[in-house]
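Starting off with a structure, shown below.
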There are 2 protein chains.
Amino acid sequence: MSAAAEAPGDWLRKRAALSPSAPALFVDRTVVTWADLDARVDGVAAALATRGVAAGDRVAVLLPNGLPLVELVYAVPRAGAVLVPLNTRLAAAELAWQVDDAGARVIIFDDATAPLAAAAASTHGALVHAGDLCAAVRPVGASAPLSGIAPPSLGDVHSIIYTSGTSGRPKGVMLTFGNHLWSALGSALNLGLDPADRLLACLPMFHVGGLAVLLRSAIYGHPAVVHPSFDAQRVNAAIDDGATIVSVVATMLARVIEARGPVPYPPTLRAVLLGGGPAPRPLLEACAARCVPVVQTYGLTEAASQVATLAPADALRKLGSAGKALFPTDIRIDHADGEAAPGEAGEILVRGATVSPGYWNRPEETAEVFRDGWLRTGDLGRVDDEGYLYVLDRRDDLIISGGENVYPAEVEAVLLSHPAVAEAGVYPREDARWGSVPAARVVLRPGMSVASGDLRRFCRERLAAYKVPVEITFASTLPRTPAGKLQRRLLSGP
Amino acid sequence: MSAAAEAPGDWLRKRAALSPSAPALFVDRTVVTWADLDARVDGVAAALATRGVAAGDRVAVLLPNGLPLVELVYAVPRAGAVLVPLNTRLAAAELAWQVDDAGARVIIFDDATAPLAAAAASTHGALVHAGDLCAAVRPVGASAPLSGIAPPSLGDVHSIIYTSGTSGRPKGVMLTFGNHLWSALGSALNLGLDPADRLLACLPMFHVGGLAVLLRSAIYGHPAVVHPSFDAQRVNAAIDDGATIVSVVATMLARVIEARGPVPYPPTLRAVLLGGGPAPRPLLEACAARCVPVVQTYGLTEAASQVATLAPADALRKLGSAGKALFPTDIRIDHADGEAAPGEAGEILVRGATVSPGYWNRPEETAEVFRDGWLRTGDLGRVDDEGYLYVLDRRDDLIISGGENVYPAEVEAVLLSHPAVAEAGVYPREDARWGSVPAARVVLRPGMSVASGDLRRFCRERLAAYKVPVEITFASTLPRTPAGKLQRRLLSGP
């Protein structure tokens, strides 16, 4: 037998060959074709090589959505390097930790993220302004493709995306070219592929959900409408202008619907992919009443975004369900005695072509989470006898605030680093706008005192704003099990 | 890193889990749902195991299109065995050779193919009537899935499909689960996926083109309308009844259009995939005039059917082109000095995830045809500067007659086995109905004589009817190069 050749990993290159003059991007009031984008990306890849970026290097990118970020998403792999998209909402200390952990060779920033980038660059990471890479290639077609870079294999790592964990220490999720490709194909087999499709990218591309929208766009050959940040009015305008598939989290969808008022949506809007945590029932009912075709999804970074989705046809019959496992994935529910029967609750396990090979430089956590071919999500759920998944509780007290994950352990670790704090517990508080927000209860060291406002300021310097507890109360003890384990669920009580 | 899990290889099983009550097949005036089909196939797989079929065995299937063939296409891999679909139009001697070459454990037949099957069973192949496997499971849900069969990997061989070659000896093309899956995905990324799609399977499933329609149906979750054989009126009725994608060869399309008369086609017909050889320009123009959305394709068994397709939008601008290489494939043109420049003619090479790992038990031919990751098709073509492929001549004097491949060398080998024949040359003759038909010129041995009709009868006993020369003429010499190589192109002259 001859060696099996694979599907392509440079999706942009293939797409530019297939449909060069079709629109690839609607961004910053301009239209960029696939051939234009491909030529620009050649230029950026060459500029990265000039800056010393070589095969296997990690390239951290600290940029908001926009043409430079899009170019880098394609150019970093084309230069043979691994993309490390950084969350622009994180605090400098958090970013510095991730840059260091990834061993990034360069950190790419723009004017808006310059101060953060400067503060984040520590032992690793030469600072490079995106304008120095991207502006250089404005005359399209001036750059030749980089030579000497082997085309990627589907098993190669495409990107490392940081996700916080129960230990409080963020972990870099490695996602391969194959993970991303199968994620896109699984989504297409579920939602269909309409030649008129236009994908709205209003989620930040430093999260897997936003990145997946962009990559699907190249794999499908459908243009992406890229918004620099979320703006409800602008989302509505994009839908009126022909966006057919919109990816959002629940808090965004609520604001989009609210901003819309009574104006109906055009029939061209064929799917609103709703991810990033649980969807409140009133929101789903409001969408159903307005014929908004909501497709609920359950996904996670470790599985390259969508794992299961619920078709609009099932939205009311299976209210609260995240639907069925997509074509490339399988779901299993495990409890203490092994595989759960239909209807029984347990931990959600995921297997398939979209599942990450593991965490960057974390063999122990990888071995713990990825076992026997299954990803142990830590999330609690059940699968009914028709195969529909119900997510009962997100993993390990995870607080989902406006689609961003907040791990109590990570916030507690910061509180505990304050000299006056002896014990800290972080728990979710319901919030009309964000779904949930973090709150904290602390026990002070004997003889020490600190004001709640000072503690919050202490957190703000070390954590992204959405992770800072909205309220910090003081107590003499925290609820614990006899073994001393913090019982966070009891913190929200009186 | 943990081992990467793959996309599923039992597409029917996954599809039945995703959309159990949706229609899978319209066949024999009945509708079969995915759950029904899945249960039936469990029964057939169990029946195969009872007959001694074990993992890795080859199972030859000599059946026309219909529910039993569909069930076996899914059940043979589910039993861990390799599917060997046999062309029901072949002569018994040809079939016996293939059954023997494949080392088939069983040959499955029905009432119509019983005499052929009996004649084809030689040293290999126990005869099993399809009714004994399939009828047994009519009460749906009675059979449990076979245990102990490992799920297929995408690199495993799914089927072996015989194709004749220049040497005159048919070769078994091994196609993996991954080859078929990527073929389906490449086609979807090209044509789109509409939830209303309904695929017409009127091509025989013992050819890769017909088999691919059925497998796409399960991978997409779109029902297949299965016709027992080609009937132009019935194709038109299926289109009126909602078939959206129809796969045909040129001679079939001409008859469908002719049978239609002036009645327009409904807008639900969104693609007529036209493969199996060159399309005559008048046919393409007639289709354009009637707004029939013809999608010309270039494909071959060694690449699991479609390699390139031409979008209807380009049909007139690029008349005569077979379009661009699909998402999972690359095309290159090679001439004697290496890779050809745009516009230059040369041999068509194909690479990608749909390309076969090689020929069954033919290491030498495999090494010759599959080199450095490229499949050398033997077909002559050029690629223009926009990347559109033009097929200039099919490989090695191949005659395509009504979509069936006729290799002159194979027919010549039979003629040469007649005691009176010293030399034989087979060449194409234009035919209004079939596009081309084979004709032959022979040189008799000194002192020997044989009537043309007797020679044709001799061929008919050893070859499929469509391979038998329509006319055999006699000559004292055949045109040859100075080195003695037959110049078939000169045979059609005076």
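What is the gain in length, in nm to one decimal, between residue B:241 and residue B:365 on full extension, counting 0.36 nm per residue of separation less the C-alpha to C-alpha distance?
40.1 nm
Right, something else. Do any of A:14/B:14; A:171/A:485; B:171/B:467; A:171/A:467 go past 19 Å between their Cα atoms, and which?
Values: A:14/B:14 29 Å; A:171/A:485 23 Å; B:171/B:467 17 Å; A:171/A:467 17 Å.
In this structure, A:14/B:14; A:171/A:485 lie more than 19 Å apart at Cα.
Pop the C-beta distance of residue B:489 and residue B:144 into the FRET formula with R0 = 56 Å and round what comes out to the nearest 0.05. Before the final figure, lay out each step's value.
Working: r = 59 Å, r/R0 = 1.06.
Plugging the Cβ-Cβ distance into 1/(1 + (r/R0)^6) gives 0.40.
Measuring with a 1.4 Å probe in the full set of protein chains, what accessible area per residue, in whole Å², belongs to the stretch A:398-490?
Using a 1.4 Å probe on heavy atoms only, each residue of the stretch A:398-490 averages 48 Å².
Could you quote the convex hull projected area for the stretch B:153-279, Cα atoms only and averaged over all directions, in nm²?
Its average projected convex-hull area is 8.8 nm².
To the nearest 100 Å², how much accessible surface do chains A and B cover up together, summed over both, with a 1.4 Å probe?
Result for this pair: about 3000 Å² buried.
Okay, moving on. Using R₀ = 45 Å, calculate the FRET efficiency as 1/(1 + (r/R₀)^6) where r is the Cβ-Cβ separation of residue A:460 and residue B:335; round to 0.05.
The pair residue A:460/residue B:335 has a calculated efficiency of 0.10.
Same structure again: Zone of residue B:313 (label point 7 Å along Cα→Cβ, backbone N under 18 Å): which residues in the stretch A:232-274?
Under 18 Å, as judged by backbone N against the label point of residue B:313, lie A:242-245 of the stretch A:232-274.
Translational diffusion coefficient, Stokes-Einstein: compute it for the stretch B:398-490 using the Kirkwood radius over C-alpha pairs as Rh, at 37 °C and 0.692 mPa s, and state it as an integer in µm² s⁻¹. Don't skip to the end; give the middle numbers.
Values: Rh = 13.3 Å.
Estimated via Stokes-Einstein, D reaches 246 µm²/s.
Still on this structure: Are there any residues in the stretch A:219-243 with a reduction of at least 20 Å² in accessible surface when going from the isolated chain to the assembly of protein chains? Probe 1.4 Å, please list them by number.
Residues of the stretch A:219-243 that lose at least 20 Å² of accessible area once the other chains are added: A:219.
Based on the alpha-carbon set only, what is the convex hull volume of the stretch A:11-389 divided per residue, in Å³? Mind dumping the intermediate values first?
Working: hull volume 50.2 nm³, N = 379.
Spread over its residues, the Cα hull of the stretch A:11-389 gives 132 Å³ apiece.
What are the residues whose amide H is under 5 Å from the amide H of residue B:429, where those residues sit 5 or more places off or on another chain and H is modelled from the backbone?
For residue B:429, whose amide H was placed from the backbone, the distant partners under 5 Å are B:437, B:439.
Along each of its three principal axes, how wide is the spread of alpha-carbon positions in the protein assembly as shown, in whole angstrom units, largest first?
In descending order, the Cα extents are 123, 65, 53 Å.
Counting Lys and Arg as +1 and Asp and Glu as -1, each charge on the Cβ, what is the dipole of the protein assembly as shown about the Cα centre in debye, to the nearest 20?
Dipole of the protein assembly as shown, to the nearest 20 debye: 660 debye.
Another question, then. Given a 1.4 Å probe and the protein chains all in place, what does the accessible area of residue B:291 round to, in Å² to the nearest 10?
Roughly 110 Å² of residue B:291 is accessible to a 1.4 Å probe.
Same structure again: Could you work out, residue by residue across A:181-189, how many beta carbons of other chains sit within 10 Å of that residue's beta carbon, and then give the average as an integer?
4
Right, another one. Averaging the inverse of every distinct alpha carbon separation and then flipping it gives the Kirkwood radius. What is it for the stretch B:331-371, in angstrom units?
After inverting the pairwise mean of 1/r, the radius is 11.6 Å.
Determine the distance separating the Cα centre of the stretch A:432-478 from the Cα centre of the stretch B:409-480; give it in Å without decimals.
Going from one Cα centre to the other spans 92 Å.
Can you pull the percent of chain A's accessible area that's carbon plus sulfur, 1.4 Å probe, other chains left in place? Don't skip to the answer; put the middle values down first.
Numbers: 10050 of 18790 Å².
Carbon and sulfur atoms account for 53 percent of the accessible area of chain A.
Based on the Cα atoms of the stretch B:1-106, what semi-axes does the equivalent ellipsoid have, where each is the square root of 5 times one gyration tensor eigenvalue, given in whole Å with the largest first?
26, 20, 12
How high is the FRET efficiency from residue B:432 to residue A:196, r the C-beta distance, R0 60 Å, rounded to 0.05? Please list the in-between numbers first.
On the way: r = 40 Å, r/R0 = 0.67.
Efficiency computed from Cβ-Cβ geometry: 0.90.
The values are calculated or read from the model by the stated rules, or taken from the named source; none is laboratory data. Computed from a prediction, not measured in an experiment: that's the story for all the values here. Positions of Cβ are backbone-derived with ideal geometry, glycine not excepted, and every protein chain shown enters the neighbour counts. Remember, those area values only see protein heavy atoms, side chains included, never the ligands or the DNA or RNA. Shrake-Rupley method; radii C 1.70, N 1.55, O 1.52, S 1.80 Å.
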